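Written out below as structure tokens is the structure these notes cover.
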Amino acid sequence: MRGVITFLFTLVAVLVLAWVGAWWYLQGRIQSGFQAWAEQQATHGITIAYSNLREGTSPTEALVTMTNLTITLPREPDGAQPVMTLPTLGLRIDMTSPTVFHADLPTKISVNAGANIDLAMNSGSLALSENLDPNALTNKTIYPFKGGDFVADDVDFLASSGSLLVLHVDSLVGHVDINLNATAGQPALAESFTMNGISLSPLMTKIASIPFDGKINELGLTLNLSGPVPPQIYALPDQLKAAGADEAAQQKLVIPVLHQWASQGGAGRLGLTLAIGPSTASTDAAIQFDANLQPQGTANLIASHLDAFTNAVTSAYPQIAGVIAQGEAQLTPYITTDPTTGQTVTMHATYGAGSISINGTKIAPLPPLNWTTLENPPPAAVPPPSSSGQ
């Protein structure tokens, strides 16, 4: 019996030591990971600073908390230097779910945009969690995140140091899945974002005579990309920054990445939903590439209550009635009228094989895509020297 008790005591002691060791290791990884991230941002001209950093003491969670965290962006050409301030930021991993990383964001975040522009974001709750690649717990060289979730509610965006309401959002929900090892046909990025109950401040709505009481009921976005991730994409942000405003140089950087993605079976889909006033609209577009790396795909649009929507807009802004009438005239072939949904626009476009069609009718040819020409754009024309003053 004594041997059994000794074994159980030893087993419990080993488990406790292993638990404490894992807690200590994860807490250290959180702190070193944040510091490495801050150092990486510094190479982009972004300064991360805080007044105090403390580690958690509870063995139930690995926790690092920073107070008075400031994120200072590079100085703008006009001299302004935006600064974001967070009173606190907690980075946390619950020991019961070690592959979920939590960022405990404050409900009040302020931004000094320079030029005496002080903004703020207040919320009822704000939460960010990211799914960790288990291999990242022991390998510091791989990208640690496989996706995550963002949830916020009762969000106010304010100006004048937080004294003037600009925009209110009832809720924001975001989700993303990342697979950097995707092959052809496998999803590499799946992202969705939804905002509900968006409303401008009553003051701005009244001053600008905005219809629908300045409200958008829902705005949603989805993005899906599949296929292998081109290795050059990781260096692309820094390269584009170095290229500056040179559009030809930017094109030379971006098009080869797209070309490689297309050649390895890349495909994508983008979707958008909108509910405003009496109308609801949904649109999506898809792209893939044939054996000759020529784009082909579809695009769809369905919007209801077009008549009620345009009537409200023209009543608020009669000066654009002519423009709206012209747009409606162009959409006439695709409009049907229903007692329940009013005027409804339905468009289904297909493109590829040298043509573009809408609702089964060819409307335009589709010229072939020449990757070589796109990858080698001519340099921007240099304007002749000014002759003023001579």
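All of the numbers you see were taken from the coordinates with simple rules; none came from a lab. Computed from a prediction, not measured in an experiment: that's the story for all the values here. Quick reminder, even Gly has a Cβ in these numbers, built from the backbone with ideal geometry, and neighbours come from all protein chains shown.
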Scoring only Lys, Arg, Asp and Glu (+1, +1, -1, -1) among other residues with Cβ under 12 Å from the Cβ of SER171 yields -4
Over the chain: helical MRE at 222 nm, DSSP H runs n ≥ 4 each giving -39500 (n - 2.57), nearest 500 | -8000 deg cm²/dmol
Using a Förster distance of 30 Å, the FRET efficiency for ASN311-THR340 (Cβ separation, nearest 0.05) = 0.95
Compute the relative contact order of region 242-390 as a whole-number percentage, counting only Cα pairs closer than 8 Å that sit 6 or more residues apart in sequence.
-> 21 percent
Contour excess over end-to-end distance, with Cα ends at ALA321 and HIS44 and 0.36 nm allotted per residue | 95.1 nm
Please give the length that would be gained between GLN186 and ASP246 if that part of the chain were fully extended, namely 0.36 nm times their separation in residues minus their C-alpha to C-alpha distance (nm, one decimal).
-> 18.2 nm
Extending each Cα 7 Å along its Cβ direction at ASP153 and GLN31, get the distance between those two points in nm, one decimal.
-> 3.5 nm
Quick one: if you stick a label point 7 Å off each Cα along the C-beta vector at ALA80 and ALA286, how many nm between them?
-> 4.2 nm
Given a Förster radius of 30 Å and the C-beta distance between ASN370 and GLU328 as r, what FRET efficiency does 1/(1 + (r/R0)^6) yield to the nearest 0.05?
-> 0.25
For the pair ILE142 and ASP118, the simple spin-label estimate (label points 7 Å beyond Cα toward Cβ) gives in nm 4.7 nm
What is the total of Lys pairs in the chain with C-alpha atoms under 30 Å apart, excluding same-chain pairs fewer than 8 positions apart?
-> 8
With r as the distance between the Cβ atoms of LEU128 and LEU203 and R0 = 25 Å, compute the FRET efficiency 1/(1 + (r/R0)^6) and round to 0.05.
-> 0.20
Rounding to the nearest 20 debye, state how big the charge dipole of region 243-390 is about its Cα centre with +1 on each Lys and Arg Cβ and -1 on each Asp and Glu Cβ.
-> 120 debye
How much length is gained on full extension from ASN196 to MET347, taking 0.36 nm per residue of separation minus their Cα-Cα distance?
-> 51.8 nm
So what's the chain giving for Rg/Rh, alpha carbon basis, Kirkwood Rh from the mean inverse pair distance?
-> 1.04
